[in-house]
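Participant: Got a structure for you, questions after.
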Amino acid sequence: MVVDGRASILPRPAAVIAIAAVAGLVLMLMEGVIAPRLGPNSALGPVVTVVTIFSFLFFSLMPVAVVISVIRRRRRSAISYVVAWGVGAGSALGAAALIELQFTVPAHDAIAAIYHQRRSELGASIKGYRLVELQQQCRPLHSEECWILFDPSRGSGVDTEVGRWHRPSNYPIFPSDSFRFGSVDIRRIDADAYSVLTRSGPDW
């Protein structure tokens, strides 16, 4: 019996996409659901780290596989690797979206609630602007802290900082030499105040 060598590679594209789908789901669950809930000394931390690294390695090899498949003129294989690469990117975005929905949005809502409940107390006698520390009262991720920025006079220039996680550039408010302000996520509460989340260390 003669076996067509070309037929033997036909299952490969489907297998690559199937593996990518599983790896993408695992990556999204690890980074978007499990890892954010683990404390710094959790026993599951190393396991999550290893699984995440292997998932990233798998997806990082996809561009190389695409180039090799194109050189060898294996169009179906090349397409499957492109799809797998897209699955990896989608999984990373999905993990970020899960963290946003589970932690960032509720944390900002909690800061706004604290602001409305204690506005007269926290914002008393403010001249100019004031950054009020709430520590982790808004129940953010373990590596984050909560703040309220009072700025009724609009003199801080914080409007340029409003947005999702980024490295702050307004150093009078967020000192560049402070490890606590590695990155910030800022939302407006009302005309006088902003909710602020900060992460320690650099924003990778």
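Values quoted throughout were computed directly from the atomic coordinates according to the rules given, and no laboratory measurement underlies them. Model, not experiment: these values are computed from the prediction. Note: ideal-geometry Cβ built from the backbone for every residue, glycine included; neighbour counts use all protein chains shown.
Participant: Taking the Cα centre of the range 56-149 as origin, sum charge times position over the Cβ atoms of Lys and Arg (+1) and Asp and Glu (-1), and report the length of that vector in debye to the nearest 20.
Facilitator: Here the range 56-149 has a charge dipole of around 740 debye.
Participant: Can you give the extra length, in nm with one decimal, that the chain gains between R118 and L93 once fully stretched, where that is 0.36 nm per residue apart less the Cα-Cα distance?
Facilitator: Roughly 5.4 nm would be gained on extension.
Participant: Right, here's the next one. Given Cα pairs under 8 Å that are at least 6 residues apart, what percent is the relative contact order of the chain?
Facilitator: About 16 percent, as a whole number.
Participant: Specify which labelled value, from [x] 1.00; [y] 1.17; [z] 1.09, agrees with Rg/Rh (Cα atoms, Kirkwood Rh) derived from the coordinates of the model shown.
Facilitator: [y]
Participant: Using the Cα centre as the reference, give the magnitude of the dipole from point charges on the C-beta atoms of the range 8-105 (Lys, Arg: +1; Asp, Glu: -1; all else neutral), rounded to the nearest 20 debye.
Facilitator: The dipole magnitude comes to about 640 debye.
Participant: Compute the Cα gyration tensor for the range 118-199, then decide on rounded, prolate or oblate, letting a ≥ b ≥ c be the square roots of its eigenvalues: rounded whenever a/c is under 1.5, prolate when a/b is larger than b/c in the other cases, and oblate in all that remain.
Facilitator: oblate
Participant: For the peptides 142-151, 29-38, what is the packing order when you average, over each peptide's residues, the other Cβ atoms within 10 Å and list the highest mean first?
Facilitator: With the highest mean Cβ count within 10 Å placed first, the list reads 142-151, 29-38.
Participant: Would you be so kind as to identify which of V16, T52, V26 lies farthest towards the positive end of the dipole of the range 8-105, taking Lys and Arg as +1 and Asp and Glu as -1 on Cβ and the Cα centre as origin?
Facilitator: V16
Participant: Additional query: Quick check: pseudo-label points 7 Å beyond the Cα along Cα→Cβ at R72 and I53, how many nm apart are they?
Facilitator: A separation of 2.8 nm, rounded to one decimal place.
Participant: Figure the gain on full extension for V83 and L38 (residue separation times 0.36 nm, minus the Cα-Cα span) and round it to one decimal in nm.
Facilitator: 13.1 nm
Participant: What ranking do 45-57, 185-197 get when scored by the average of other Cβ atoms within 10 Å per residue, highest first?
Facilitator: Most protected by this proxy first, the peptides run 185-197, 45-57.
Participant: Using 0.36 nm times the number of residues separating K127 and Y171, minus their current alpha carbon distance, what extension gain do you get?
Facilitator: Computed gain between K127 and Y171 is 14.0 nm.
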